[in-house]
Structures are given as structure tokens and as C-alpha cells.
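The values are calculated or read from the model by the stated rules, or taken from the named source; none is laboratory data. Worth saying up front: this structure is predicted, and the values here are computed from it rather than measured. Here the Cβ is made from the backbone with ideal geometry for all residues, glycine too, and neighbour counts use every protein chain on show.
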Amino acid sequence: MLNRITAWRWIALCAALLAAPAMAEDEAAAAERLNQLLSAANTLTGNFSQMTLSSNGSSLQETRGQVTLQRPGKFRWHTDPPLEQVLISDGGQVWLYDPDLMQVTIQKLDQRLTHTPALLLSGDVSTLTDNFSIRWTQGGTVDDFVLTPKASDTMFETLRLSFRDGLINDMQLNDPIGQRTNILFQNVVLNEPVAADTFQFEVPDGVDVISE
């Protein structure tokens, strides 16, 4: 159950308008810089390691895997055994396949799901300021962003994105019950060709299908 909840956290992402002009200008600059970094990646491939911590800092789960993204709205997130899962979006719907449970859950990529971290990396960056309040700090070749969803029904309270030399380096999600998920990316490559069937899923024989 914990692993499935963690996976759907990728499918699941608002703050009043800033009144002070200086703060509004800072947020506009932050959005512009994040837009530049995200827009540079039409495709992205790489590996990841992920750790989920409880509110008291104890480790709840550690996983590794591979990620492939393609703008707009397509991604494949494959977690290695022994907690294997495959999360795929073709830009119209999302599949979550759990081989251990012999089960695949299919969900439409509706407006609520477009406010998620995976689609933040692969989706429409022109709507960033519609969906998030953004803070930005920069030091040397590192750009750090903290995004706070403007919607009230998202599955995390803040999302931190860190870029090093223009490439995504790590992410951190903090949820309403105090859990923290840290994701470190390795071997990231931008704008290499990706096979079209990467973002398609064929349901294996004997697997239960749940449509939401």
C-alpha cells in the first residue's frame, strides 16, 4: 500500500496573489528562469534513486529506477524490483502497473493530474505561475526552486527542484502529513530521440484492470 501511495503521489499538485511589487517581480523572474530550464528539455532520460522519510525522519522506503520524459505530457517512470512498478503517461491517460499485484490502474490525465511533479518536468511550462507560487535562489551553477501549489487538493505542500549546470539534479516533495520524498537524478541526458512506444502500455495477459 505504501509503495502504491508513493507512486500515485506522482499523479496527484496554489497561496494568495503576492501584494508587494518587489515580491511579484521576484516571482516573475523565478518563473522565467524555471521556464527556461524546463523548456530546454524536449526529451529527458536518466536514472533516479528515491527515498521516502516519515515525519520523524525515519526511512519508509528506498527505490531506484529509470525515467524517460517527453514534452508535452509524456513520461515513463520505472521502479526496479523488488518494489517494481511502471508509471506511464501518453499525454492523455496514465497507467500504473504493479507486477506483484498483477494489476494495472488506468486514469485520465485530467486537470488535477496536470499539477504533478512528473508532468511539471514534461508538461506545459507556460502555466507555471497559474498553478504555483515560485521562489528561486541561485548559487554558482546551481538553481534551486521551491514551488507551492495554489490548489488546495494536491498531495504535497511544497516541491523543491534543484538544477546543476542546467540539468535537473534532485527533487524534494513534502506532503501534508509530514512525509518527505527525496529524488536524486543521475546520468541525465537531454534531447535524445525516444521511441514512440516508450509511452504506450500493453496490458499483460491475466492482469486485473482498474479504471478510475
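Computed quantities for the displayed model
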| read-out | value |
| --- | --- |
| Total residues in the range 159-212, condition of a type in the set (Phe, Trp, Tyr) and within 26 Å of residue 106 (Cα to Cα) | 2 |
| Residues satisfying the stated conditions in the range 38-50, i.e. surrounded by 16 or more Cβ atoms within 10 Å (Cβ to Cβ), of a type in the set (A, V, I, L, M, F, W, C) and over 16 Å from residue 127 (Cβ atoms) | 41, 44, 48 |
| Odd one out for residue 18 among (1) modelled with pLDDT of 90 or more; (2) closer than 14 Å to residue 136 by Cβ; (3) outside any helix (DSSP H, G or I); (4) not acidic (Asp, Glu) | (1) |
| Tabulated pairs, the range 164-178, first basic (Lys, Arg), second part of a strand (DSSP E or B), C-beta under 7 angstrom, 6+ apart or interchain | 164/142 |
| Answer from 109, 101 - the residue that is among the aliphatic types (A, V, I, L, M) and modelled with pLDDT of 90 or more | 101 |
| Enumerated strands (runs of 3 or more DSSP E) restricted to the range 96-212, each holding at least 2 residues that are surrounded by 19 or more Cβ atoms within 10 Å (Cβ to Cβ) and of a type in the set (Ser, Thr, Tyr) | none |
| Considering residues of the range 40-64 that are within 14 Å of the chain's Cα centre (by Cα) and of a type in the set (Gly, Ala, Ser) only, the residue farthest from residue 172 (Cα to Cα) | 46 |
